[in-house]
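Written below as structure tokens is the structure these notes are about.
The values are calculated or read from the model by the stated rules, or taken from the named source; none is laboratory data. Because the structure is a prediction, the values reported are computed rather than measured. Ideal geometry is used to build each Cβ from the backbone, glycine not excepted, and the neighbour counts take in all protein chains shown.
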Amino acid sequence: MKKFKEIIGKMIDKTGFANVWLNPEQISLGAIIYKTEGKKFKIKLPEIIPGKIHRIRIKINNGNELSEKIIRLKYNKGVSSNSSCWINKDHIKHGHKTSIRIGKRIVKFELDENAHSSYKQKLISVGKYPKIDLFSIFRKKYRGDVVVSFRDYQSEFAVKAPSYDDLSSDEIHNEKFGRDKINSLLKDYSYIIDAKKSLKNKINPDELVKRFNNQGVNGVFKLIKKHFLKGVKVKFSVNPILAEPGRCKSVLKTTYSYGSYSSVPSISKEYIGFHVEINPSYIHNPFVAAAVISHELCHVFNNYHLGKSYGFGYSFSSFSQFRDEYLVSDEEKLVDILTIVNGLGEYQLRACTYGYIMGYFSPKVFIRLNDYLNTYTK
């Protein structure tokens with residue numbers, strides 16, 4: 001590699017030409033630093049017209065010799081990238097108009113008919129563009145290409161429930177635990193939880209995928225929150241250092257106040273909302289992201305609605321000791337049950353089909369609890 005560089009260097013010195021590809025950062029600065037023969041040259045850039053080559057002549061003084069070199073400035077087009085788009089299996093066979101989000105823009109395009117499951121389509125000059133001027137956003141030739149990979153899914157989703165004989169002794173115990181909690185929740189919190197309404201108005205998978213394609217994981221979060229947590233302040237973010245799939249924590253405002261005759265402040269904490277975080281490993285599949293977000297938002301539901309009913313505030317730790325026994329015991333399992341009664345259990349089952357086994361019940365028990373709720377509410 002070193003010899004190759006030496007040969008190329010000699011060729012450039014012999015011809016007196018050198019190519020310099022300009023990236024967006026260099027263009028925005030208006031100048032570049034060019035190094036040759038141990039010397040640095042600061043070259044002021046002219047007004048760059050993308051697609052054309054500009055030549056700049058520099059003089060190099062080597063002792064008694066004075067030579068010239070022509071620098072050819074070339075514009076580097078926008079970055080080529082990859083993206084994914086989720087399509088209903090019924091649509092991908094017959095051709096379908098769809099759209100995906102690239103940067104801050106929505107790009108519309110049409111699928112070819114009879115596309116296979118591993119189908120890819122290259123979109124020319126629709127990707128990220130170098131920030132040269134205010135008008136570059138309108139110039140397609142400045143943008144990079146995007147290769148879109150398609151992933152199909154079934155709109156209708158049904159899983160056959162395993163028989164009671166297929167359950168282990170632990171699964172039998174957990175199913176009984178789950179059924180008891182469903183009965184208790186629907187009886188004691190009927191003014192908050194309306195399972196019939198949640199199942200009737202559950203989120204359409206096609207709408208979920210459309211949000212994911214156009215808005216990413218943030219669109220999935222907004223859709224699920226709107227489904228059963230209207231009016232509750234919840235911040236959402238992707239946390240790259242998160243070890244678990246997701247996390248939910250209450251956001252408290254701490255106030256310090258001093259008395260007239262005391263130098264020690266009294267501390268009071270006031271609830272101002274919740275913060276839900278998701279691991280970036282779970283944001284590339286709309287159904288896996290929906291499963292994680294549903295679970296974490298049900299933590300919010302548990303601590304906001306069920307905690308509020310006792311009048312002990314909203315912090316995770318401030319009221320747990322005052323709750324009923326079935327709310328204190330196995331809180332994570334309770335949250336999984338809340339995803340079921342709020343009409344969101346389907347997404348945890350869909351996530352299992354992609355190899356993401358999540359939740360605190362086994363898939364067998366979770367399927368049977370979903371079926372139990374359906375028969376309970378009929």
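When the range 129-165 is filtered for residues that are part of a loop (DSSP other than H, G, I, E, B), at pLDDT 70 or above and either hydrophobic (A, V, I, L, M, F, W, C) or buried (at least 17 other Cβ atoms within 10 Å of the Cβ) (or both), the ones remaining, listed by number, are Arg143, Gly144, Phe157, Ala158, Val159, Ala161.
Among the residues of the range 197-217, those that are loosely packed, with under 14 Cβ neighbours inside 10 Å and more than 30 Å from Ile106 (Cα to Cα) comprise Lys197, Lys200.
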